[in-house]
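Heads up: the structure comes next, in structure tokens.
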Amino acid sequence: MTGTPGPVETAITRKLAGAFAPDQLAVENQSDQHSGPRGRESHFKVVVVSAAFAGQSLVQRHRAVNALLADELQGGVHALSIEALTPEQWQARGGQTLPTPPCLGGSKS
């Protein structure tokens, strides 16, 4: 989604930036790629590159992000794609994010 970030996207960005002091942070509202009314904030992709993830497994990183965003996940965010990387992993990947798979579920309106 383009344009001005909505309140949920803004809250997600603020929380991730405050908790992980990331070297790189991207929060993408992908809600319009899924069925439902336009302008909603229900599907997000986050990319967080932080030294705070050093020594943590992928599961630990995802749990930390999910715990931080628990209010958003209980309040209308239906899907959250997470890429949580250390700066070294980000560099080894060439600063590239993974493609988001297409939506395969839900009713089409």
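The values are calculated or read from the model by the stated rules, or taken from the named source; none is laboratory data. It should be emphasised that the depicted structure is a prediction, and the values quoted were computed from it without experimental measurement. Cβ coordinates were reconstructed from backbone atoms using ideal geometry, including for glycine residues, and neighbour counts include every protein chain displayed. The protein model used for the area step is the full one, side chains on, heavy atoms only, and it has no ligands, DNA or RNA in it. Shrake-Rupley method; radii C 1.70, N 1.55, O 1.52, S 1.80 Å.
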Starting at the first residue of segment 52-66, write each ³J(HN,Hα) from the Karplus equation 6.51 cos²θ - 1.76 cosθ + 1.60 with θ = phi - 60°, in whole Hz, x for Gly and Pro. 4, 8, 4, x, 9, 6, 4, 4, 4, 5, 5, 4, 5, 5, 4
Sorted by packing (mean other beta-carbon atoms within 10 Å per residue), highest first, where do 77-89, 3-15 land? 77-89, 3-15
Sparsely packed trypsin sites (Lys or Arg not before Pro) within segment 40-109, loop by DSSP, other Cβ within 10 Å at most 13: ARG93, LYS108
Solvent-accessible area of VAL65 with every protein chain in place, 1.4 Å probe, in Å² to the nearest 10: 0 Å²
Is it possible to state the helix-based mean residue ellipticity at 222 nm for the chain, with each DSSP H run of 4+ residues giving -39500 (n - 2.57), the sum divided by total residues, to the nearest 500 deg cm²/dmol? What is it? -9500 deg cm²/dmol
Taking Cα atoms, how many degrees apart are the long axis of helix 7-20 and the longest axis of the chain, rounded to 10 and kept between 0 and 90? 10 degrees
Two-site label geometry, GLN56 and ARG38: point separation in nm, points 7 Å out along Cα→Cβ: 3.7 nm
Provide the net charge surrounding ALA11, with neighbours chosen by a C-beta distance below 14 Å and charges set as Lys +1, Arg +1, Asp -1, Glu -1. -2
Determine the sum of side-chain charges near VAL77: Lys and Arg each +1, Asp and Glu each -1, restricted to other residues whose C-beta is under 11 angstrom from that of VAL77. -3
Carbon and sulfur: what percent of the chain's accessible surface (1.4 Å probe)? 55 percent
Rounded FRET efficiency, nearest 0.05, which uses the C-beta distance separating ALA70 from ALA92 and R0 of 35 Å: 0.70
With every protein chain kept in place and a 1.4 Å probe, the chain has an accessible area per residue in Å² of 59 Å²
